[in-house]
Amino acid sequence: MGMLYYGHGGFVMDKAILIGIQEYIRNDYLTSVMLFVSGIGNFGAVWLFMAMLLAFRRSSRGQGLLLLISILFCGGVSECIKHAVMRPRPFLQIPDLILLGPVPHSFSFPSGHTICAFAFAFIIWRMHRGGVRLLVMGFAVVMAFSRLYLGAHYPTDVLAGLVIACLGSTLVWHMRKKIGKVS
């Protein structure tokens, strides 16, 4: 990895992206939006809530259960990786980076917000067509970006979250017939 890597904290590109966001993109309005988006993603809350709403409706029960399994499976994998890697948060490693919002008390790698958002979005993408899938995927992208914007994650944390969610939700999707009949 040579000169790209700067120690336990991350890569030079990670630092450059976060400082670039801080210097050129942050503003009062966007900060309010990103704090809200990130806040509703804490503990996968918004995604779990939507999945449970679908699971409680008879007509969408199978979809809701599949979404819950995807979120819980991918989130569980995330927590295992976080404790194995133990990567510090970027605001602890990059002196010029200012964290916006509450101080996270867990490890940085991978981004749990990103994993839960995309674990939900990838299943919806497979189940629906048109506007619903674009809306959910767009919101997942905003959720992932909010973690960078706020200085809570490195870009590689978010990228890893996206990959883990893709692989985990794909596994859940292919196991759906064994899990139960899902429409």
- Item | Subset of the range 46-80 [small (Gly, Ala, Ser), touching a Gly at 6+ places or on another chain (Cβ under 8 Å) and farther than 24 Å from Asp157 by Cα] | Ala51, Ala55, Gly62
- Item | Pairs, first within 19 Å of Leu159 (Cα to Cα) and modelled with pLDDT under 95 in the range 3-30, second of a type in the set (Val, Ile, Thr) and surrounded by fewer than 13 Cβ atoms within 10 Å (Cβ to Cβ), C-beta under 7 Å, six or more apart | Leu4/Val12; Tyr6/Val12
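Of His113, His128, His174, which residue is crowded, with 16+ Cβ neighbours inside 10 Å and not polar (S, T, N, Q)? Outline the logic, then answer.
On the way: His128 fails: crowded, with 16+ Cβ neighbours inside 10 Å; His174 fails: crowded, with 16+ Cβ neighbours inside 10 Å.
Going through His113, His128, His174 in turn, the sole match is His113.
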- Item | Residue that is nearest to Ile71 (Cα to Cα) [pool: residues in the range 85-143 that are of a type in the set (D, E, K, R) and touching a residue at least 40 places away in the same chain (Cβ under 8 Å)] | Arg126
- Those helices (runs of 4 or more DSSP H) lying entirely in the range 129-183 with at least 3 residues among the polar types (S, T, N, Q): 155-174
- Task: Look at Ile94 and say whether it is in contact with a helix residue (DSSP H, G or I) (Cβ under 7 Å, 6 or more places away or on another chain), more than 12 Å from Ile164 (Cα to Cα), surrounded by 16 or more Cβ atoms within 10 Å (Cβ to Cβ) and of a type in the set (A, V, I, L, M).
- Result: yes
- The one condition Ala84 fails out of (1) surrounded by fewer than 12 Cβ atoms within 10 Å (Cβ to Cβ); (2) within 24 Å of Arg176 (Cβ to Cβ) is (2)
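The values are calculated or read from the model by the stated rules, or taken from the named source; none is laboratory data. What you see is a predicted model, and the numbers here were worked out from it, not measured in a lab. No Cβ is skipped: glycine too gets one built from the backbone with ideal geometry, and neighbour counts run over all protein chains shown.
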